[in-house]
Amino acid sequence: ETLLADYASLRQVEACARWQAGRAVETLPLQGETAALVAALVRSDESAGELGRRVGAARARIASAFELVCARGSVDALST
């Protein structure tokens with residue numbers, strides 16, 4: 001459930017960043033006016049720094065799950 005929520009959250013952030021930029025984006029702006037605008041689009045009560053920390057934590061959880069699945073050779077590794 002956590003991984004699904006993380007994925008959905010990252011997709012929302014990506015969509016807001018893409019909307020703000022008016023095009024596809026390769027990186028998430030984490031500083032400056034653009035970052036503040038993206039953060040406000042994602043959650044009106046969240047600062048760019050908070051968004052960056054939340055995105056970083058989600059990415060770390062997803063990367064950890066990926067490594068676990070690769071190490072064990074099966075998606076069943078996530079059920080333990």
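Leaving out ligands, DNA and RNA, what percent of the accessible area of the chain is carbon and sulfur, probe 1.4 Å? Display every interim value, and only then the final one.
Working: 3070 of 5550 Å².
Percent of accessible area from carbon and sulfur atoms in the chain: 55.
Treating only the Cβ atoms of Lys and Arg (+1) and Asp and Glu (-1) as charged, compute the dipole magnitude of the chain about its Cα centre; round to the nearest 20 debye. Numbers along the way, then the final one.
On the way: 9 positive and 10 negative charges, 22 e Å.
Rounded to the nearest 20 debye, it is 100 debye.
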- [ ] Give the share of C-alpha pairs in each 5 angstrom bin for the chain, from 0 to the last occupied bin, in whole percents, shortest bins first.
- [x] 3, 15, 23, 21, 14, 10, 8, 5, 1
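Tell me, what is the per residue accessible area of the chain in Å², probe radius 1.4 Å?
Details: 5550 Å² over 80 residues.
Value returned for the chain: 69 Å² of accessible area per residue.
The values are calculated or read from the model by the stated rules, or taken from the named source; none is laboratory data. Being a predicted model, the structure only gives us computed values, none of them experimental. Neighbour counts are summed over all protein chains in view; Cβ atoms, including those assigned to glycine, are modelled from backbone coordinates with ideal geometry. SASA here: full protein model, heavy atoms, side chains in, ligands and nucleic acids out. Shrake-Rupley method; radii C 1.70, N 1.55, O 1.52, S 1.80 Å.
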